[in-house]
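One structure is given here, and the rest of the page talks about it.
The values are calculated or read from the model by the stated rules, or taken from the named source; none is laboratory data. Just so it is clear, the structure is predicted and the values come from calculations on it, not from any experiment. Cβ: placed from backbone, ideal geometry, glycine included. Neighbour counts: every protein chain shown. Remember, those area values only see protein heavy atoms, side chains included, never the ligands or the DNA or RNA. Shrake-Rupley method; radii C 1.70, N 1.55, O 1.52, S 1.80 Å.
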Amino acid sequence: MLSKLDLDYLRSVQNLSLKHLGLTKSNPSVACLIVDFTKDSKGKVISFGLTNIDGNPHAELTALKKIKKNNKNKNLTAYVSLEPCYKENLNSCSKLLHQYNIKRIVIDSLDPNNFIYRKGFLFLKYQNHKVVLNNKNSKFKEINKFFYINKLKSRPYITLKLALSKNGYSKDKNKKNITSKSTQNYMHHLRLKHDAIAVGYNTLITDNPKLTCRLQGINKKLKKIVFVKKKISNKTNNTNLINTIHVSDTNNLKDNLFRQLSILNINSLLIEGGISTFKLFLKYKIFDEVYLTLSKKIIHNVNSKYRFNFRLIKNLKEISNNFYGKDQIIVYKNTDV
Ligand SMILES: NC(=O)c1ccc[n+]([C@@H]2O[C@H](COP(=O)([O-])OP(=O)(O)OC[C@H]3O[C@@H](n4cnc5c(N)ncnc54)[C@H](OP(=O)(O)O)[C@@H]3O)[C@@H](O)[C@H]2O)c1
């Protein structure tokens with residue numbers, strides 16, 4: 001049974017796990033707290049760990065390495081956001097928790113990965129640890145949604161993003177940004193969470209975008225992709241650092257895209273326009289989420305092909321709608337995937 005205190009510690013673990021989100025490659029971002037209840041019924045946090053940058057070592061190993069190994073006479077609980085891993089003939093987090101005599105293990109979520117699912121949980125139970133699961137209030141699936149889709153659906157997570165003026169234009173003829181600096185900063189946080197970023201060919205040629213994650217103190221290397229309709233010469237501006245993916249307005253689009261992303265080892269992709277690219281992926285429903293950033297700016301004298309028709313998204317489920325300064329950020333979810 002989970003007590004209110006357990007739920008409080010689990011909430012801390014969920015929040016801690018956000019710290020390395022987007023930095024753990026194909027591994028989920030997990031956190032672990034080691035709490036000592038020997039002398040204090042409210043417990044005292046004696047160690048914590050996060051999945052390390054690039055995915056290894058795991059959170060439990062980092063947390064355990066900071067404490068003494070012999071805890072036979074102690075009443076220690078490990079709070080973990082994901083079921084500890086278990087591998088038959090190898091070292092694993094479940095075995096470590098056993099070796100360190102952690103009496104009780106409170107787990108926010110079982111592992112959706114078929115090879116791991118319930119193995120750590122059962123190993124610890126058979127070794128007579130108290131193991132408790134937080135199925136009801138688990139936040140792991142929401143926090144590590146990319147990992148969930150990768151493991152359960154064997155495909156990458158796709159996010160579409162488009163910035164629009166108040167009157168629906170996606171392009172400013174003066175090449176000015178449509179949304180504010182703070183909205184762009186928010187979008188860099190979105191970039192941070194993804195493996196790769198993509199734009200359409202026209203955007204690459206007209207804007208020459210950096211396609212980087214520019215957040216202070218963060219060193220995130222995003223893979224860069226340009227979508228092209230036909231073969232382009234290698235001499236084309238800027239393309240040598242960028243992977244090219246061929247897209248066509250056909251039913252094969254999804255399979256071709258997923259195959260090419262898998263070759264590039266990409267588990268999550270942020271597609272940042274322009275409007276032709278955005279509409280193409282919307283048409284074939286190749287996305288998990290759509291981010292629309294709406295500014296208060298009115299744009300005139302731009303070709304009407306750059307104007308977005310909001311009817312195209314009328315059937316999508318809105319999951320959040322917030323103002324960031326003057327701009328509005330609306331997030332929609334694809335409920336069909
Ligand atoms: N508001 C935003 O969030 C946002 C984001 C990114 C960009 N933008 C703006 O949107 C504008 C570009 O949008 P867009 O809809 O025109 O295009 P896009 O979506 O960036 O790129 C797709 C278009 O590129 C062209 N293309 C693809 N492969 C090609 C190839 N091999 N050779 C030549 N052309 C090729 C095609 O144009 P055709 O269909 O005409 O052949 C295709 O429709 C830029 O000016 C940029 O400033 C806005």
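For residue 257, indicate whether it is out of contact with any helix residue (DSSP H, G or I) (no Cβ under 9 Å at 6 or more places or on another chain) and open to solvent by less than 30 Å² (accessible area, probe 1.4 Å).
Judged against the criteria, residue 257 is not a match.
Can you tell me which residues in the stretch 43-66 are at negative phi and either assigned to a helix (DSSP H, G or I) or over 26 Å from the mean Cα position of the chain (by Cα) (or both)?
Answer for the stretch 43-66, where residues must be at negative phi and either assigned to a helix (DSSP H, G or I) or over 26 Å from the mean Cα position of the chain (by Cα) (or both): 44, 45, 46, 59, 60, 61, 62, 63, 64, 65, 66.
Of all residues in the stretch 298-337, which are modelled with pLDDT under 95, more than 28 Å from the chain's Cα centre (by Cα) and not aliphatic (A, V, I, L, M)?
300, 301
Could you list, in sequence order, all residues of the stretch 258-281 that are part of a loop (DSSP other than H, G, I, E, B) and among the hydrophobic types (A, V, I, L, M, F, W, C)?
264, 266
Within the stretch 1-24, work out how many residues are farther than 26 Å from residue 268 by Cβ and open to solvent by 60 Å² or more (accessible area, probe 1.4 Å).
Count: 2.
Between a first residue in the stretch 35-47 that is farther than 13 Å from residue 8 by Cβ and a second residue that is surrounded by fewer than 17 Cβ atoms within 10 Å (Cβ to Cβ) and of a type in the set (D, E, K, R), which pairs have beta carbons less than 6 Å apart while being 6 or more apart in sequence or on different chains?
Short answer, once both residue conditions are applied: 36/44; 47/66.
Going by what's in this entry, would residue 250 be described as in contact with a strand residue (DSSP E or B) (Cβ under 8 Å, 6 or more places away or on another chain) and open to solvent by 50 Å² or more (accessible area, probe 1.4 Å)?
No; evaluated as a whole, the condition is false for this residue.
Looking at (1) in contact with a strand residue (DSSP E or B) (Cβ under 7 Å, 6 or more places away or on another chain); (2) within 23 Å of residue 186 (Cβ to Cβ), which is the one condition that is false for residue 296?
(1)
Which count do you get for residues in the stretch 197-226 that are within 15 Å of the ligand (Cβ to nearest atom), part of a strand (DSSP E or B) and open to solvent by 10 Å² or more (accessible area, probe 1.4 Å)?
Total meeting the criteria: 1.
Looking only at the stretch 25-56, count how many residues are closer than 27 Å to residue 212 by Cα and either open to solvent by 30 Å² or more (accessible area, probe 1.4 Å) or charged (D, E, K, R) (or both).
Residues flagged as closer than 27 Å to residue 212 by Cα and either open to solvent by 30 Å² or more (accessible area, probe 1.4 Å) or charged (D, E, K, R) (or both) within the stretch 25-56 amount to 7.
Could you check how many residues of the stretch 170-187 are more than 8 Å from the ligand (Cβ to nearest atom) and either of a type outside the set (Val, Ile, Thr) or part of a strand (DSSP E or B) (or both)?
Of the residues in that region, 11 qualify.
Where in the stretch 282-337 are there strands (runs of 3 or more DSSP E), lying wholly inside it, with at least 3 residues that are open to solvent by 90 Å² or more (accessible area, probe 1.4 Å)?
Ranges flagged: 317-324.
Can residue 306 be described as within 18 Å of residue 180 (Cβ to Cβ) and assigned by TED's automatic domain parsing to the domain that holds residue 179?
no
When both residues are 6+ apart or on different chains and their Cβ atoms are under 6 Å apart, which pairs have a first residue that lies in the stretch 147-164 and is in contact (Cβ under 8 Å) with a residue 24 or more places away in the chain, and a second that is more than 15 Å from the ligand (Cβ to nearest atom) and part of a helix (DSSP H, G or I)?
These pairs meet every condition: 148/141; 155/258; 156/261; 157/146; 157/149.
Read through the list (1) over 25 Å from the mean Cα position of the chain (by Cα); (2) outside any strand (DSSP E or B), then give the number of the only condition that residue 105 fails.
Tallying (1) over 25 Å from the mean Cα position of the chain (by Cα); (2) outside any strand (DSSP E or B), residue 105 fails exactly one: (2).
Does any residue in the stretch 293-308 that is more than 20 Å from residue 277 (Cβ to Cβ) come within less than 7 Å, Cβ to Cβ, of a residue that is open to solvent by 100 Å² or more (accessible area, probe 1.4 Å) and near the ligand (Cβ under 10 Å from one of its atoms) six or more places away or on a different chain, and which pairs are these?
Listed by first residue and then by second, the contacts come to 301/173.
Checking the condition closer than 14 Å to residue 22 by Cα and open to solvent by 50 Å² or more (accessible area, probe 1.4 Å), which residue from 193, 230 passes?
Being closer than 14 Å to residue 22 by Cα and open to solvent by 50 Å² or more (accessible area, probe 1.4 Å) holds for just one of 193, 230, which is 193.
Can residue 116 be described as touching a residue at least 60 places away in the same chain (Cβ under 8 Å) and surrounded by 18 or more Cβ atoms within 10 Å (Cβ to Cβ)?
no
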